[in-house]
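To start, the structure itself, in structure tokens.
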Amino acid sequence: MRLLVANANTTEATTQLCAAAARAAAAPGTEVIPATPAFGPATISTRAENAIAGHALLQLLAEHAGRVDAVVLAVSHDTALEAARQLMPCPVIGMTEAACLTACLVGARFGVLTLGNAGPYEELVARHGLATRCAGVLGLPIAPPEVLRDPAAAHAPILAGIEELAARADSVILAGAVLAGMDRALQPRAPVPLLDGIGCAVKLAEALVALKLPKPATGSFAAPVNRDTIGLAAPLAALLRGG
């Protein structure tokens, strides 16, 4: 199967980091195709940036529509997930969504560790309907570019955060695209299972492709048809027209 790993920001290093984590998790025969938007924020940390990135991401996905079997959103905010799931003719999995759903199979309650403001992730867990399963969200005062530059320097504070969450959680999600793959380095020193959103999303995407479920023909996730637009890139406008 062909799996698109789509970043929602324009930092190519993040795209490649997530692609490497995806390849490490993928089954034999799964081809990982990394993609970075042509415009938008370098990193997403505000609501405005997330909205802008949503447009960039949908345009990026439209360019690959019909040429991939599934999509993993390599953005921990699960940017534009519902819209992408409606537009694309294949399964679309958000990395934090996937980690949260997998955590529910690991234990009763999970913790979320992220970089920066914890608030957006508390809202995201609630939007996924899993607030009662979440033992807490901890945001560390570390900027994503710092982790990209020197991942090893972030290990100690991240492990300390994991220890804090483990006091009340059965597993811990490492929420952040720049943390992709870090679970493998930290797991031997962690007291609970660590969940990487990219790895979880890859396995769920493979499962959905294998199930061969049809796309909904009715309801809010049915593909749009006959929607008129002005100024959109041609592939995205075509998806909104239903062709």
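Please go through region 93-122 and give me each residue that is over 28 Å from GLY219 (Cβ atoms) and crowded, with 23+ Cβ neighbours inside 10 Å, ordered by number.
Taking region 93-122 first, the residues over 28 Å from GLY219 (Cβ atoms) are 106-119.
Hits for region 93-122 are PHE110, GLY111, VAL112, LEU113, THR114, LEU115.
Looking at region 158-177, which of its residues are of a type in the set (A, V, I, L, M, F, W, C) and either in contact with a strand residue (DSSP E or B) (Cβ under 7 Å, 6 or more places away or on another chain) or within 16 Å of VAL137 (Cβ to Cβ) (or both)? Spell out the reasoning first.
Keep residues of region 158-177 that are of a type in the set (A, V, I, L, M, F, W, C), which gives 158-160, 162, 165-167, 169, 172-175, 177.
Selection gives ILE158, ALA160, ILE162, LEU165, ALA166, ALA167, ALA169, VAL172, ILE173, LEU174, ALA175, ALA177.
So is ALA169 in contact with a Lys or Arg (Cβ under 6 Å, 6 or more places away or on another chain) and touching a residue at least 60 places away in the same chain (Cβ under 8 Å) or not? Before the answer, list the steps.
Working: in contact with a Lys or Arg (Cβ under 6 Å, 6 or more places away or on another chain): yes; touching a residue at least 60 places away in the same chain (Cβ under 8 Å): yes.
So ALA169 fits the description; yes.
Determine which member of the set LEU61, LEU17, LEU4 is outside any helix (DSSP H, G or I) and buried (at least 23 other Cβ atoms within 10 Å of the Cβ). Break it down stepwise before answering.
Working: LEU61 fails: outside any helix (DSSP H, G or I); LEU17 fails: outside any helix (DSSP H, G or I).
Answer to the check: LEU4.
Checking the condition in contact with a helix residue (DSSP H, G or I) (Cβ under 7 Å, 6 or more places away or on another chain) and surrounded by 13 or more Cβ atoms within 10 Å (Cβ to Cβ), which residue from ALA175, ALA166 passes? Before the answer, list the steps.
Values: ALA166 fails: in contact with a helix residue (DSSP H, G or I) (Cβ under 7 Å, 6 or more places away or on another chain).
Exactly one residue qualifies, and that residue is ALA175.
Check whether at least one residue in region 200-210 is of a type outside the set (S, T, N, Q) and without any contact (Cβ under 8 Å) to a residue 24 or more places away in the chain, and report yes or no.
Taking region 200-210 and keeping what is of a type outside the set (S, T, N, Q), we get 200-210.
Narrowing further to those that are without any contact (Cβ under 8 Å) to a residue 24 or more places away in the chain: 207, 210.
Checked region 200-210: at least one residue is of a type outside the set (S, T, N, Q) and without any contact (Cβ under 8 Å) to a residue 24 or more places away in the chain.
List every residue pair whose Cβ atoms lie under 6 Å apart, where the two residues are 6 or more positions apart in sequence or sit on different chains, the first residue falls within region 52-74 and is not assigned by TED's automatic domain parsing to the domain that holds LYS215, and the second residue, located anywhere, is part of a strand (DSSP E or B) and of a type in the set (Val, Ile, Thr).
Once the first residue is not assigned by TED's automatic domain parsing to the domain that holds LYS215 and sits in region 52-74, no partner that is part of a strand (DSSP E or B) and of a type in the set (Val, Ile, Thr) comes close enough.
Restricting to region 35-50, and then to whatever is in contact with a Ser or Thr (Cβ under 9 Å, 6 or more places away or on another chain) and either in contact (Cβ under 8 Å) with a residue 40 or more places away in the chain or under 15 Å from HIS77 (Cβ atoms) (or both), can you tell me which residue is surrounded by the most Cβ atoms within 10 Å (Cβ to Cβ)? Show your work before the answer.
First, pick out the residues of region 35-50 that are in contact with a Ser or Thr (Cβ under 9 Å, 6 or more places away or on another chain): 35-44, 49-50.
Right, trim to either in contact (Cβ under 8 Å) with a residue 40 or more places away in the chain or under 15 Å from HIS77 (Cβ atoms) (or both) and you get 37, 40-44, 49-50.
Details: PRO37: 23, GLY40: 23, PRO41: 18, ALA42: 12, THR43: 21, ILE44: 25, GLU49: 18, ASN50: 21.
Here the answer is ILE44.
I'm trying to understand the selection: among the residues of region 64-79, which are assigned to a loop (DSSP other than H, G, I, E, B), small (Gly, Ala, Ser) and within 19 Å of VAL202 (Cβ to Cβ)? Full working, then the answer.
Going through region 64-79, the residues assigned to a loop (DSSP other than H, G, I, E, B) turn out to be 65-69, 75-79.
The next check asks that each one be small (Gly, Ala, Ser); those that pass are 65-66, 76.
Across region 64-79, the qualifying residue is only SER76.
Is there a residue being within 24 Å of ALA26 (Cα to Cα) and small (Gly, Ala, Ser) anywhere in region 127-144? So that I can check it myself, show each step before the final result.
In the first step, residues of region 127-144 are kept if they are within 24 Å of ALA26 (Cα to Cα); the result is none.
Taking every residue of region 127-144 in turn, none turns out to be within 24 Å of ALA26 (Cα to Cα) and small (Gly, Ala, Ser).
In this structure, is CYS90 surrounded by 21 or more Cβ atoms within 10 Å (Cβ to Cβ) and modelled with pLDDT of 95 or more? It would help to see each step written out before you state the result.
Numbers: surrounded by 21 or more Cβ atoms within 10 Å (Cβ to Cβ): yes; modelled with pLDDT of 95 or more: yes.
Judged against the criteria, CYS90 is a match.
Going residue by residue through region 202-209, is there one that turns out to be in contact with a Gly (Cβ under 8 Å, 6 or more places away or on another chain), crowded, with 16+ Cβ neighbours inside 10 Å, of a type in the set (A, V, I, L, M) and modelled with pLDDT of 95 or more? Steps first, answer last, please.
Here is the first cut: in region 202-209, the ones in contact with a Gly (Cβ under 8 Å, 6 or more places away or on another chain) are none.
Within region 202-209, not a single residue is in contact with a Gly (Cβ under 8 Å, 6 or more places away or on another chain), crowded, with 16+ Cβ neighbours inside 10 Å, of a type in the set (A, V, I, L, M) and modelled with pLDDT of 95 or more.
Criterion first (free of Cβ contacts under 8 Å to residues at least 60 places away in the same chain, surrounded by 19 or more Cβ atoms within 10 Å (Cβ to Cβ), in the same structural domain as MET182 (by TED's automatic domain parsing) and β-branched (Val, Ile, Thr)) does VAL125 satisfy it?
Details: free of Cβ contacts under 8 Å to residues at least 60 places away in the same chain: yes; surrounded by 19 or more Cβ atoms within 10 Å (Cβ to Cβ): yes; in the same structural domain as MET182 (by TED's automatic domain parsing): yes; β-branched (Val, Ile, Thr): yes.
Against the criterion (free of Cβ contacts under 8 Å to residues at least 60 places away in the same chain, surrounded by 19 or more Cβ atoms within 10 Å (Cβ to Cβ), in the same structural domain as MET182 (by TED's automatic domain parsing) and β-branched (Val, Ile, Thr)), VAL125 qualifies.
Could you check region 177-243 for helices (runs of 4 or more DSSP H) lying wholly inside it with 2 or more residues that are more than 24 Å from the chain's Cα centre (by Cα)? Let's see the steps before the verdict.
Working: elements: 182-186, 197-211, 234-241.
Passing ranges, in order: 234-241.
Within region 22-41, which residues are among the small types (Gly, Ala, Ser), within 21 Å of ALA233 (Cα to Cα) and in a loop (DSSP other than H, G, I, E, B)? Steps first, please.
In the first step, residues of region 22-41 are kept if they are among the small types (Gly, Ala, Ser); the result is 22, 24-27, 29, 35, 38, 40.
Adding the requirement that they be within 21 Å of ALA233 (Cα to Cα) leaves 35, 38, 40.
The answer is ALA38, GLY40.
The values are calculated or read from the model by the stated rules, or taken from the named source; none is laboratory data. Quick caveat: nothing in here was measured; it's all calculated off a predicted structure. Ideal geometry is used to build each Cβ from the backbone, glycine not excepted, and the neighbour counts take in all protein chains shown.
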